[in-house]
Amino acid sequence: KTPFRKINTEKDKLYIECKNFSSVFYNEKGTLTSLKDNSKEMIVSAPVFQGYRAPLDNDKGFGNWLAKDWKTHGLNSLQRKLISVTPVEETGWYIIVKTVAESYSKKGKFIHECKWRFNGDGSIEMENSFTPSGELPELPRLGIVMSLNEDLENIEWYGHGPYENYPDRKTSCPIGVYKSTVTDQYIPYPHPQETGNKENIRWMKLTDKKGKGVSFTSFSGRMSGSALHFTAGDLDAATHAYLLKPRKEVVLSLDAIMLGLGNSSCGPGVLKKYSIEKKTYKLGVRIEPVK
């Protein structure tokens, strides 16, 4: 165990200084808003719930109207509302805070509960649960999304690879340790769509040229994930690849579950075993510095 160097509560923010990292938890937003290695800020936008993916050709074709249903129900424009922030426990070694937020579609919602544990060694553990309720279509994904410093261009992961893969498209991608760049994760399909996903990730590291950065390790089973220079909204809005403009920051998506691809551009839709049941899913992620 490692004790904190400093803990400070100022107004609506919790400041935590550790040996390797310092972090800021903003109660008004109910999420992590700053993560620094010395003076270098890692976070550009804070982690929040994500329940939408940029529709694939398969989501649009051959009588499968998933893409239309998602937009009809408003999954592409969810409205997040923080419900509660509850301090649970504080010692010299760790701090635990629980948050509840809801993201509303037109006739349904997603409840995102998270137990945050800030440890004295600088690591942060997020125990997420996602519960869909109300009138919702076939679900595209359940997870979190955040943006990271543009310098974290190098990616390494332990999971299926080296190519993009999905629940029903991973047999040709054996599990192993792979290295690449965030830029190379994007596949320029003629019509921009969901891309770059990896299945059964145990851990993922994003680092700069000096090998410093941040790692994300699953402790609740395997997770799906991607790191791109585009958001789901960016990919969805562009009608052709040449219209896309990469963001400088790294857009990191980590999912408890991702919908399969199916074959609806010319055949059947997603098989039931690769769909997402409307029940609670868990995603545990440990965030740690990489030196």
Out of (1) under 17 Å from the mean Cα position of the chain (by Cα); (2) crowded, with 20+ Cβ neighbours inside 10 Å, the odd one out for Gly122 is which? (1)
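Out of segment 18-68, which residues are basic (Lys, Arg) and farther than 30 Å from Leu235 by Cβ?
From segment 18-68, those basic (Lys, Arg) are 19, 29, 36, 40, 53, 60, 68; that's our starting set.
Correct list: Lys19 only.
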Starting from residues that are open to solvent by 30 Å² or more (accessible area, probe 1.4 Å) and closer than 13 Å to Tyr166 by Cα, keep the ones in segment 241-270 and report whichever is nearest to the chain's Cα centre (by Cα). Ile257
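Against the condition among the aliphatic types (A, V, I, L, M), open to solvent by less than 10 Å² (accessible area, probe 1.4 Å) and not in a strand (DSSP E or B), how does Leu152 come out, does it pass? Spell out the reasoning first.
Numbers: among the aliphatic types (A, V, I, L, M): yes; open to solvent by less than 10 Å² (accessible area, probe 1.4 Å): yes; not in a strand (DSSP E or B): yes.
Taking the combined requirement at face value, the residue satisfies it.
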Might you check whether a residue that is surrounded by 17 or more Cβ atoms within 10 Å (Cβ to Cβ), at pLDDT 95 or above, within 25 Å of Leu139 (Cβ to Cβ) and among the hydrophobic types (A, V, I, L, M, F, W, C) occurs anywhere in segment 169-181? yes
In segment 271-291, what residues are among the aliphatic types (A, V, I, L, M), part of a loop (DSSP other than H, G, I, E, B) and surrounded by fewer than 19 Cβ atoms within 10 Å (Cβ to Cβ)? Leu271
If a residue counts only when it is closer than 29 Å to Lys248 by Cα and open to solvent by less than 50 Å² (accessible area, probe 1.4 Å), which strands (runs of 3 or more DSSP E) contained entirely in segment 1-94 have at least 2 such residues? 13-17, 21-26, 31-37, 43-50
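Mind checking which residues of segment 214-259 are touching a strand residue (DSSP E or B) at 6+ places or on another chain (Cβ under 9 Å), assigned to a loop (DSSP other than H, G, I, E, B) and not basic (Lys, Arg)? It would help to see each step written out before you state the result.
Taking segment 214-259 and keeping what is touching a strand residue (DSSP E or B) at 6+ places or on another chain (Cβ under 9 Å), we get 214-232, 234-235, 246-259.
Narrowing further to those that are assigned to a loop (DSSP other than H, G, I, E, B): 219-222, 229-231, 246-249, 259.
Selection gives Phe219, Ser220, Gly221, His229, Phe230, Thr231, Pro246, Glu249, Leu259.
The values are calculated or read from the model by the stated rules, or taken from the named source; none is laboratory data. In this text the structure is predicted, and so the values were computed from the model without any measurement. Backbone-built Cβ (ideal geometry, glycine too); neighbour counts: all protein chains shown. Side chains are part of the model used for accessible areas, which takes the heavy atoms of the whole protein and leaves out ligands, DNA and RNA. Shrake-Rupley method; radii C 1.70, N 1.55, O 1.52, S 1.80 Å.
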